[in-house]
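Have a look at the structure below before the remarks.
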Amino acid sequence: CRVCGGASNPLCDVYGRFSHRSYEVRRCPICGFSFVADPWTDWEAIYNEQYYDGRGPDKLVNYRDELENPTTVRRYEWQGILRWVKTLCPVGPATCWLDYGCGSGGLVAFLGANGVPKAVGFDRGRGADIAREHGAPVLTEHQLHDWDGSFDIVTLIEVLEHTLDPVADLGRIRSLLKPDGLLVVTTGNAAPFRRRFERWRYVVPEIHISYRSEERRVGKECRSRWSPY
């Protein structure tokens, strides 16, 4: 298991309609983490221009349209995230907010236009390039190291399922937060689909390779590995 280090069990095989191959999914009985055991890791081929134009593995996303279409439905998502975070902590012009895994920067641009001018993003590859082309402030990997302990808020919106090592990513994010900072995470919950995993629409094995489960009995060691705190 990539989270707790325990032995994992075969769960099912799923077919990737974009890559035209099958993938093995395994599940850890200790912490409930499910993952693609043989992921496609050619990130440049996966997260390329086609992906951000809605012609990649996930046909439900079109990041370029979200940036250029003022009536995109994603605006309601961004509004909801901002409203949700405001119920958890103060948010204003002085708030340092990082959207980690920002894609093409839609949330970052929305925050900047809605009273959070210090919002910045971070992502790798073509998504970050598209964000910068549209004027969204997106940090490079090198720049990110200068921001340790700087952020009041870090959002991780539908990112963990894309990561090969979620524990490492959460640890890196923890180092970027202030001691009393807020981490906001959204990701799919695999628990209700344990017995019908291959039919869950969230399963896109080319890009969704890590699956969190909330329905689990976890020992103290495993809890500490999932959490960066």
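The values are calculated or read from the model by the stated rules, or taken from the named source; none is laboratory data. As the structure is a computational prediction, the values presented were derived from the model and not from experiment. Every residue, glycine among them, receives a Cβ derived from its backbone with ideal geometry; neighbour counts consider all protein chains shown. Accessible surface areas use protein heavy atoms only, side chains included; no ligands, DNA or RNA. Shrake-Rupley method; radii C 1.70, N 1.55, O 1.52, S 1.80 Å.
Side notes on the structure shown:
- DSSP-defined beta bridges in the chain - what % are antiparallel, rounded to 5: 45
- Only protein atoms count toward the accessible area here, which uses a 1.4 Å probe; on region 91-146, the carbon and sulfur part of that area reaches 53 percent.
- Projected-area mean, region 55-104, by convex hull of Cα positions, square nanometres: 4.6
- Other residues whose C-beta falls under 10 angstrom from the C-beta of residue 101 contribute a net charge of -3, scoring Lys and Arg +1 and Asp and Glu -1.
- Under 12 Å, Cβ to Cβ, from residue 78 - net charge with Lys/Arg +1 and Asp/Glu -1: 0
- Most tightly packed first, judged by the mean number of other beta-carbon atoms within 10 Å of their residues, the peptides 91-103, 67-79, 145-157 read 91-103, 145-157, 67-79.
- Pairs beyond 26 Å (Cα-Cα), from 59/118; 86/118; 59/86: 59/118; 59/86
- Remark: relative contact order (the chain) = 22 percent; criterion is Cα-Cα distance under 8 angstrom and separation of 6 or more residues.
- For region 1-105: relative contact order, % (alpha-carbon pairs under 8 angstrom, 6 or more apart): 15
- For region 1-68, the list of trypsin sites (Lys or Arg not before Pro) that fall in a loop by DSSP and count at most 13 other C-beta atoms within 10 angstrom reads 17, 55, 59.
- Solvent exposure of the chain, expressed per residue, is 50 Å² of accessible area, with all protein chains present and a 1.4 angstrom probe.
- A helix-only calculation puts the chain at -7000 deg cm²/dmol for mean residue ellipticity at 222 nm, using -39500 (n - 2.57) for each DSSP H run of at least four residues, averaged over all residues.
- Taking a Cβ cut-off of under 14 Å around residue 15, the surrounding Lys, Arg, Asp and Glu residues balance to a net charge of -1, with basic ones at +1 and acidic ones at -1.
- Sorting the segments 164-172, 30-38 by their residues' average number of neighbouring beta-carbon atoms within 10 angstrom, most packed first, yields 30-38, 164-172.
- Region 45-102 and region 141-200: distance between their alpha carbon centers, rounded to Å: 15
- Ordering of 180-191, 132-143 by burial proxy (mean other Cβ atoms within 10 Å per residue, highest first): 180-191, 132-143
- Cut-off under 5 Å, modelled amide H: who pairs with residue 121 long-range: 99, 138, 139
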